[in-house]
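Written below as structure tokens is the structure these notes are about.
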Amino acid sequence: MKIRQFLQLAATLAGALLALPAAAQLVPQRPITLVVPYPPGGPLDNAARILAEKIGTTLGATVVVDNKPGAGGNIGAAWVARAPADGHTLVMGAVATHAINPWLYASMPYDALKDFTPITRVAQVPNVLVMPAEAAQRLGIRDVPGLIAYARKNPGRLNYASGGNGSAGHLAGELFKSLAHVSMVHIPYAGAAPAQAGLLAGQTDLMFDNLASASANIKAGRLLALGVTTLARSSSLAEVPALNEVLKGFDLSTWFGIFGPARLPQATVEQLHAAFVAALGHADTVERFARMGAIPSPTSPAEFAALVQREHGRYGQIIKGAGIRLE
């Protein structure tokens with residue numbers, strides 16, 4: 001959807017929200033809590049704080065962002081799953097909490113598909129496959145076909161960094177190995193920032209990094225961008241091909257969105273959906289998201305539910321195929 005069309009849709013939904021009959025309105029009896037199941041300062045937290053101010057104005061309510069990190073996002077998500085289904089408690093869920101963690105953890109405190117009401121996807125954040133530019137030049141690797149050719153001639157020689165076992169970067173590497181039929185060694189770090197530091201220091205050869213965090217080093221020439229992990233190219237890195245152009249079916253974009261507890265009343269779902277989509281349509285929201293490398297990508301509640309279902313199944317295949325498990 002083009003930006004102009006998106007802004008027009010947001011304006012229409014905002015008008016529809018104001019036109020809802022009083023009986024269908026969510027009338028907050030207390031502040032609305034938007035749980036972020038990760039520590040402050042990350043993309044989900046920043047996005048939540050941008051949106052909370054705008055939906056609070058639209059709904060005439062105070063919206064409090066509450067960080068409840070732990071267990072890869074499971075603690076905060078479980079807290080919302082157990083909350084009353086009245087629209088006052090929401091979670092900024094993500095691909096990790098709703099599609100990856102259910103397959104990673106031996107025990108889960110919630111059912112990702114049954115214990116939530118999807119309201120809207122908020123944004124997508126492309127990831128990018130990068131190599132230190134000096135190492136790529138030394139090994140004669142200029143593009144993804146060159147990387148695959150080198151890896152096949154040198155099985156197990158290359159390693160790739162990630163922010164930890166079961167992280168998006170880890171799973172992207174496993175999918176790459178599977179589709180390209182190559183052998184590479186996974187080097188997990190305690191977070192994406194240390195992983196990138198290790199890559200720049202020459203400790204590792206590759207990394208599937210967040211485009212926002214990698215872009216400065218790409219522009220400075222320290223990192224060579226080989227491919228983005230979305231099905232299509234990213235507008236902010238248009239000259240870099242999508243991995244899908246070489247490895248058909250490669251699609252591991254990071255996404256996050258708004259969920260409520262299961263069995264939210266339909267009228268409440270519709271009102272919250274309209275408020276969030278209108279907030280995402282503000283020009284300053286689009287601009288502030290762009291600075292984080294995030295692309296506003298709202299969906300209908302039904303579309304979001306279908307996306308979660310598909311992603312849940314797809315990541316299950318990747319994780320089970322790679323034999324990854326966390327206790």
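The values are calculated or read from the model by the stated rules, or taken from the named source; none is laboratory data. Keep in mind it's a predicted model, so treat the numbers as computed, not measured. All Cβ positions, glycine included, derive from the backbone under ideal geometry; neighbour counts span all protein chains shown.
Determine if segment 243-255 includes at least one residue that is within 23 Å of Leu147 (Cα to Cα) and aromatic (Phe, Trp, Tyr).
Step one: filter segment 243-255 for residues within 23 Å of Leu147 (Cα to Cα), giving 243-253.
Pick out the ones that are also aromatic (Phe, Trp, Tyr) and you get 250.
Yes.
Is there a residue in segment 212-225 that is over 20 Å from Ala135 (Cβ atoms) and touching a residue at least 60 places away in the same chain (Cβ under 8 Å)? Can you show your working first?
We begin by selecting, within segment 212-225, every residue over 20 Å from Ala135 (Cβ atoms); these are 212.
Next, only the ones that are touching a residue at least 60 places away in the same chain (Cβ under 8 Å) stay: 212.
Yes: segment 212-225 contains one or more residues that are over 20 Å from Ala135 (Cβ atoms) and touching a residue at least 60 places away in the same chain (Cβ under 8 Å).
Kindly indicate the residue of segment 159-169 that is closer than 17 Å to Leu326 by Cβ and in contact with a Leu (Cβ under 7 Å, 6 or more places away or on another chain) and also surrounded by the most Cβ atoms within 10 Å (Cβ to Cβ) among those meeting that condition.
Of all residues in segment 159-169, those closer than 17 Å to Leu326 by Cβ come to 162-169.
Those still in the list that are in contact with a Leu (Cβ under 7 Å, 6 or more places away or on another chain) too: 165-166, 168.
Working: Asn165: 13, Gly166: 23, Ala168: 25.
Ranking the qualifying residues of segment 159-169, first place goes to Ala168.
Determine whether Ala267 is part of a helix (DSSP H, G or I), in contact (Cβ under 8 Å) with a residue 40 or more places away in the chain and in the same structural domain as Gln317 (by TED's automatic domain parsing). Full working, then the answer.
Working: part of a helix (DSSP H, G or I): yes; in contact (Cβ under 8 Å) with a residue 40 or more places away in the chain: yes; in the same structural domain as Gln317 (by TED's automatic domain parsing): yes.
Against the criterion (part of a helix (DSSP H, G or I), in contact (Cβ under 8 Å) with a residue 40 or more places away in the chain and in the same structural domain as Gln317 (by TED's automatic domain parsing)), Ala267 qualifies.
Name the residue that is nearest to Asn244 (Cα to Cα), counting only residues in segment 170-193 that are loosely packed, with under 15 Cβ neighbours inside 10 Å and over 18 Å from the mean Cα position of the chain (by Cα). I'd like the intermediate steps shown before the answer.
Quick first cut of segment 170-193, residues loosely packed, with under 15 Cβ neighbours inside 10 Å only: 181, 183, 185, 190-191, 193.
Now drop any that are not over 18 Å from the mean Cα position of the chain (by Cα), which leaves 181, 183, 185, 190.
Details: His181: 15, Ser183: 19, Val185: 22, Ala190: 28 Å.
Result: His181.
For every residue, the table says whether it meets (1) assigned to a helix (DSSP H, G or I); (2) basic (Lys, Arg); (3) in contact with a strand residue (DSSP E or B) (Cβ under 8 Å, 6 or more places away or on another chain); (4) over 30 Å from Val130 (Cβ atoms).
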site	(1), (2), (3), (4)
Leu247	no, no, no, no
Gln271	yes, no, no, yes
Ala279	yes, no, no, yes
Phe289	yes, no, yes, no
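Of the residues Gly198, Gly173, Gly169, which is free of Cβ contacts under 8 Å to residues at least 60 places away in the same chain, touching a Ser or Thr at 6+ places or on another chain (Cβ under 6 Å) and farther than 19 Å from Ala94 by Cα?
Only one candidate qualifies: Gly198.
Looking only at segment 265-320, filter to residues that are charged (D, E, K, R) and out of contact with any helix residue (DSSP H, G or I) (no Cβ under 9 Å at 6 or more places or on another chain); which one of those is surrounded by the fewest Cβ atoms within 10 Å (Cβ to Cβ)?
Residues of segment 265-320 that are charged (D, E, K, R), as a first pass: 270, 284, 287-288, 291, 303, 310-311, 314, 320.
Filter again for out of contact with any helix residue (DSSP H, G or I) (no Cβ under 9 Å at 6 or more places or on another chain), leaving 287, 303.
Details: Glu287: 9, Glu303: 13.
So the residue we want is Glu287.
Specify the residue that is nearest to the chain's Cα centre (by Cα); the eligible residues are those in segment 94-115 that are in a loop (DSSP other than H, G, I, E, B) and closer than 20 Å to Leu34 by Cβ. First the steps, then the outcome.
Applying the first criterion (in a loop (DSSP other than H, G, I, E, B)) to segment 94-115 yields 106-115.
Next, from what is left, pick out any that are closer than 20 Å to Leu34 by Cβ: 109-110, 112, 115.
Values: Pro109: 21, Tyr110: 20, Ala112: 16, Asp115: 20 Å.
My answer is Ala112.
Mind counting the residues in segment 51-82 that are out of contact with any Gly (no Cβ under 8 Å at 6 or more places or on another chain) and either free of Cβ contacts under 8 Å to residues at least 24 places away in the same chain or in a loop (DSSP other than H, G, I, E, B) (or both)?
6
Residue by residue through segment 157-173, note down the ones that are modelled with pLDDT of 95 or more and either assigned to a loop (DSSP other than H, G, I, E, B) or among the β-branched types (Val, Ile, Thr) (or both).
Result: Arg157, Leu158.
Each row is one residue, and each column tells you yes or no for (1) in contact with a Lys or Arg (Cβ under 9 Å, 6 or more places away or on another chain); (2) in contact (Cβ under 8 Å) with a residue 40 or more places away in the chain.
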{"position": "Phe250", "(1), (2)": "no, yes"}
{"position": "Ala275", "(1), (2)": "yes, yes"}
{"position": "Ala283", "(1), (2)": "no, yes"}
{"position": "Glu287", "(1), (2)": "no, no"}
{"position": "Glu311", "(1), (2)": "no, yes"}
{"position": "Leu326", "(1), (2)": "no, yes"}
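Yes or no: Pro118 assigned by TED's automatic domain parsing to the domain that holds Arg314 and either of a type in the set (Ser, Thr, Tyr) or outside any helix (DSSP H, G or I) (or both)?
Values: assigned by TED's automatic domain parsing to the domain that holds Arg314: yes; either of a type in the set (Ser, Thr, Tyr) or outside any helix (DSSP H, G or I) (or both): yes.
Criteria met by Pro118.
Hey, can you tell me all the residues within segment 249-264 that are of a type in the set (Gly, Ala, Ser) and either assigned to a helix (DSSP H, G or I) or within 18 Å of Ala168 (Cβ to Cβ) (or both)? Before you say what the answer is, go through the steps one by one.
We begin by selecting, within segment 249-264, every residue of a type in the set (Gly, Ala, Ser); these are 249, 253, 257, 260, 262.
Once the filter is applied, which keeps residues that are of a type in the set (Gly, Ala, Ser) and either assigned to a helix (DSSP H, G or I) or within 18 Å of Ala168 (Cβ to Cβ) (or both), segment 249-264 yields Gly249, Ser253, Gly257.
Quick check on my filter: what residues within segment 216-252 are of a type in the set (Ser, Thr, Tyr) and surrounded by 19 or more Cβ atoms within 10 Å (Cβ to Cβ)?
Our first condition is that a residue be of a type in the set (Ser, Thr, Tyr); within segment 216-252, this holds for 229-230, 234-236.
Within segment 216-252, Thr229, Thr230, Ser234 meet the criteria.
Out of everything in segment 81-93 that is within 19 Å of the chain's Cα centre (by Cα) and over 11 Å from Leu264 (Cα atoms), what residue ends up being surrounded by the fewest Cβ atoms within 10 Å (Cβ to Cβ)? Walk me through how you get there before you give the answer.
Looking only at segment 81-93, we keep the residues that are within 19 Å of the chain's Cα centre (by Cα), and these are 90-93.
Cutting the leftovers down to over 11 Å from Leu264 (Cα atoms) gives us 91-93.
Working: Val91: 32, Met92: 27, Gly93: 30.
My answer is Met92.
Can you find a residue in segment 112-127 that is touching a Phe, Trp or Tyr at 6+ places or on another chain (Cβ under 9 Å), of a type outside the set (Gly, Ala, Ser) and closer than 29 Å to Gln203 by Cβ?
yes
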